[in-house]
Amino acid sequence: MQTLNHYPSTIQRGIQRQNACRATVLLRGKHSRCKAATTLDAAAATASKPVVDVSLAPHVMVNSCTGRMGHSAAEAVVRAGLTLVPFTLTGYSAGVAVSNIGVAGIPVEVVGKERRQDIMNRIREQHPRLIVVDYTTPNCVNDNAQFYADNGVPFVMGTTGGDPQKVAAAAEAAGVYAVVSPQMGKQVVAFQAMMQLMADSFPGVFSGYSLSVVESHQRNKADTSGTAKAVVQSFNKMGLDFKENQIRKIRDRVTQLEAMAVPEDALDGHAFHTYTLRSPDQSVEFVFKHNVTGRSIYAEGTVDAVLFLAKKMQEGAQQKVYNMIDVLREGFLR
Ligand SMILES: NC(=O)C1=CN([C@@H]2O[C@H](COP(=O)(O)OP(=O)(O)OC[C@H]3O[C@@H](n4cnc5c(N)ncnc54)[C@H](OP(=O)(O)O)[C@@H]3O)[C@@H](O)[C@H]2O)C=CC1
Ligand SMILES: O=C(O)C1=N[C@H](C(=O)O)C[C@H](O)C1
């Protein structure tokens with residue numbers, strides 16, 4: 001019999017999580033089922049904001065539940081009382097990956113690329129109100145976006161890296177509804193929007209200033225922070241001349257603990273960003289900072305994005321592709 005060590009590390013994490021999830025379900029017993037069934041109604045009743053018709057609630061496929069962010073987002077989907085489609089894509093081929101992973105006690109079948117079209121055909125038949133959420137890797141983000149677009153499936157793209165313009169263009173060309181955003185944490189998105197507003201209102205206001213951008217993330221984050229890249233675009237409109245490759249990327253544990261003050265238990269999941277602006281004579285300094293530990297802020301924002309898309313689909317909105325600032329502006333904040 002194969003031991004856990006024979007599986008790739010992300011699959012091992014998934015199996016471990018599956019066991020943890022089972023334990024949670026056993027502990028919660030009846031209450032967890034009640035909560036799942038009623039959360040959406042409760043959200044609709046308490047919120048004074050637009051909420052989708054519950055009878056038309058979307059069914060959500062999350063790719064990939066084997067990853068850290070995908071798993072967290074899938075759990076948030078279940079917590080919100082939405083239907084989680086019991087399939088998830090993986091970068092591995094059949095025979096290497098385990099066949100199932102658990103999300104909040106729901107068995108989710110892991111699907112390699114060779115089967116993805118067959119499974120997608122089945123899912124579309126069984127879940128006509130399908131919305132896909134993607135948290136995968138920079139090297140497959142464009143291929144995945146094209147796959148969803150080719151299948152006419154609306155999607156929320158949280159994956160960073162790759163070419164985000166092409167992601168949006170794929171959805172646009174296929175006429176598929178999509179939210180594309182490197183940042184799903186609503187409060188961080190509000191900060192991002194504030195920087196955009198400042199740039200639009202006061203272009204060139206920081207001319208002559210210098211900028212330093214430092215971002216720290218868990219060791220195996222492959223790309224430079226997509227959020228930092230987006231914020232840098234606003235600073236450049238404010239008069240700076242800062243290149244993406246000047247963003248300082250911290251991935252080593254010692255610097256994270258000692259220089260960035262990342263809590264030890266957040267080394268595997270954190271996003272610390274600091275933007276420092278200094279006047280030419282060094283007499284003025286601005287520091288903007290957003291430090292996040294864990295992933296719940298993004299997972300909950302993802303559900304907001306899903307509900308927002310569902311609403312746009314119900315309305316038959318003309319605009320197809322959105323970002324998280326659009327979601328915030330329409331008040332989709334549960
Ligand atoms: N927008 C936002 O707010 C946020 C965005 N992110 C972004 O989300 C992405 C994922 O981050 P994170 O979860 O930490 O990374 P992980 O490495 O934990 O997960 C990535 C997952 O992608 C899967 N994967 C790889 N290739 C494919 C493929 N071809 N098809 C389907 N799945 C595939 C891998 O599964 P397997 O190993 O089985 O192949 C892996 O489990 C990153 O780009 C990150 O920047 C993260 C947090 C917030
Ligand atoms: O990989 C992450 O963790 C994160 N990725 C996003 C990014 O690249 O900006 C958002 C957040 O920083 C967490």
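The values are calculated or read from the model by the stated rules, or taken from the named source; none is laboratory data. For clarity, every value in this text was computed on a predicted model and none was experimentally measured. Every residue, glycine among them, receives a Cβ derived from its backbone with ideal geometry; neighbour counts consider all protein chains shown. Note: accessible area is taken over every heavy atom of the protein model, side chains too, but ligands, DNA and RNA are not part of it. Shrake-Rupley method; radii C 1.70, N 1.55, O 1.52, S 1.80 Å.
Search the structure for amide H atoms under 5 Å from the amide H of Val179, placed 1.01 Å from N in the peptide plane, and list their residues when 5 or more places away or on another chain.
The list, which skips near neighbours in sequence, is Phe155, Val156, Met157, Tyr322.
Can you tell me how region 185-334 classifies by the Cα gyration tensor, rounded, prolate or oblate, using a/c under 1.5 as the rounded cut?
Working: a/c = 2.45, a/b = 1.24, b/c = 1.97.
Taking the square roots of the gyration eigenvalues as a ≥ b ≥ c, region 185-334 is oblate.
In terms of solvent-accessible area of protein heavy atoms at a 1.4 angstrom probe, what is the ranking of Cys140, Cys65, highest value first?
Cys140, Cys65
In this model, which of Lys237/Lys311; Lys289/Lys311; Lys166/Lys243; Lys237/Lys289 are farther than 23 Å apart at the alpha-carbon?
Check vs 23 Å cut-off fails for Lys237/Lys311; Lys289/Lys311.
Which length gain, in nm to one decimal place, applies between Thr276 and Arg219 when the Cα-Cα distance is subtracted from 0.36 nm times their residue separation?
Between Thr276 and Arg219, full extension yields an extra 18.2 nm.
Under 1.5 on a/c is rounded, so check that first for region 255-298, then, if it is not, pick prolate when a/b is larger than b/c and oblate when it is not; a ≥ b ≥ c are the square roots of the alpha carbon gyration tensor eigenvalues.
In terms of gyration-tensor shape, oblate.
Of all beta bridges DSSP finds with both residues in region 189-334, what is the antiparallel percent, to the nearest 5?
85 percent
I'd like the FRET efficiency for Leu257 and Ile325, computed as 1/(1 + (r/R0)^6) with the beta carbon distance as r and R0 of 41 Å, rounded to 0.05.
For Leu257 and Ile325, the calculated efficiency is 0.80.
For Asn236 and Met198, calculate 0.36 nm times their separation in residues minus their Cα-Cα distance, and state this gained length in nm to one decimal.
Extra length from Asn236 to Met198 when fully extended: 12.5 nm.
At 1.4 Å probe size, put Arg219, Arg122, Arg251 in order of accessible surface, largest to smallest. The partial results should precede the final answer.
On the way: Arg219 180, Arg122 110, Arg251 35 Å².
Sorted descending by solvent-accessible area, the residues read Arg219, Arg122, Arg251.
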